[in-house]
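Working notes for the structure below.
The values are calculated or read from the model by the stated rules, or taken from the named source; none is laboratory data. Since we're looking at a predicted model, the values are computed, not measured. Counting neighbours? That spans all protein chains shown, and the Cβs are built from the backbone with ideal geometry, glycine included.
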Amino acid sequence: MLHSQDILALYRHLGTSDLTVVDVETTGSKPDHNWVIEISVLQGCPRAGITKHRTQLIKPPIPIPQDIQRFTGITPEMVIDAPDPTQVWPEFFPLLDTGIFTAHNLEFDYGFIQSEYKKLNIPFSRPLDAQFCTVKLSRILLAHLKSRRLPDLVRHFDFPVDTSHRAEADTLACWYLTLELVNRLEQTPDGPILEKLGQEWLTLEDATQLLGTDVTTALRELMHPRIVNKCTRRGEILFQRHSVERIC
């Protein structure tokens, strides 16, 4: 878990960084029980443009549910002759292991890709300062919009992108969104960005990582009256980033 100043530094360097924009389509929402059926990887630097864009259908070892077929447009017939995961993931590793791993809702795409490599007993991880989620920055710079869903942002900004919910189109959409965010970053001083970052609500796991300690010690420190917290409807306690960082 990065501190606010480290996140800000990552944001400030996006315009001149090599990005690896990733999107996956899957058989469901849970990585442990589902499989990727399409991956698209776009590489480039916002200041220099796109250098590579590769998309691949993948034949999963389980059927593609009807609702996923309707949602993505990917049918069993489309993947019947596609390579299976054991062929695709080793081939894509060099692409995914370079640049800043970028995605719209990074937790989903990154989690699925880690799961796919885990199934093949191949370790895969990217450093925290090489991960960028366009959803999180959109919440800061596009807070005035009613929705930060990728299809809605495509319509709002009129990005030149085809149908959503296919990996190739979504990586392009994420790329154009990143360009928009980089332009807005250049017009936004540090103060408002740090203020928004400080308002983020952290889980106990995230707060523990931020404090760099174990859960027992973190809980003891997080129960201090200075720590702003709230309880969700599910009974989970969340902690405001700003107050947690003050005791780091």
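Kindly evaluate residue 195 against the criterion of being in a helix (DSSP H, G or I), buried (at least 16 other Cβ atoms within 10 Å of the Cβ) and either of a type in the set (D, E, K, R) or touching a Leu at 6+ places or on another chain (Cβ under 6 Å) (or both).
Values: in a helix (DSSP H, G or I): yes; buried (at least 16 other Cβ atoms within 10 Å of the Cβ): no; either of a type in the set (D, E, K, R) or touching a Leu at 6+ places or on another chain (Cβ under 6 Å) (or both): yes.
So residue 195 does not fit the description; no.
Do we find that residue 178 is β-branched (Val, Ile, Thr) and touching a Leu at 6+ places or on another chain (Cβ under 7 Å) in this structure?
Yes; evaluated as a whole, the condition is true for this residue.
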Query raised in the report: Counting only residues that are in contact (Cβ under 8 Å) with a residue 40 or more places away in the chain, out of contact with any helix residue (DSSP H, G or I) (no Cβ under 9 Å at 6 or more places or on another chain) and either of a type in the set (Val, Ile, Thr) or within 30 Å of residue 69 (Cβ to Cβ) (or both), how many does region 1-36 have?
Result: 0
Report summary line: Subset of region 42-53, residues touching a Ser or Thr at 6+ places or on another chain (Cβ under 6 Å) and in contact (Cβ under 8 Å) with a residue 60 or more places away in the chain, comes to 42, 44
Query raised in the report: In region 172-205, what count of residues is obtained for those that are in contact (Cβ under 8 Å) with a residue 60 or more places away in the chain and closer than 30 Å to residue 53 by Cα?
Result: 11
**Report entry** Flag for residue 135 being aliphatic (A, V, I, L, M), within 23 Å of residue 112 (Cβ to Cβ), assigned to a helix (DSSP H, G or I) and in contact with a Lys or Arg (Cβ under 7 Å, 6 or more places away or on another chain)
**Finding:** yes
Query raised in the report: Among (1) farther than 30 Å from residue 72 by Cα; (2) surrounded by 18 or more Cβ atoms within 10 Å (Cβ to Cβ); (3) within 22 Å of the chain's Cα centre (by Cα), where does residue 159 come up short?
Result: (1)
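For the condition β-branched (Val, Ile, Thr), over 25 Å from residue 140 (Cβ atoms) and under 21 Å from the mean Cα position of the chain (by Cα), what is the one hit in 16, 72, 20, 86?
Matching residue, one of 16, 72, 20, 86: 72.
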Report task. Scan (1) among the aliphatic types (A, V, I, L, M); (2) more than 18 Å from residue 128 (Cβ to Cβ); (3) at pLDDT 95 or above for the single condition residue 193 breaks and write down its number. Result -> (2)
Query raised in the report: Just wondering, is there one or more residues in region 123-130 that are under 30 Å from residue 210 (Cβ atoms), surrounded by 19 or more Cβ atoms within 10 Å (Cβ to Cβ), under 20 Å from the mean Cα position of the chain (by Cα) and among the aromatic types (Phe, Trp, Tyr)?
Result: no
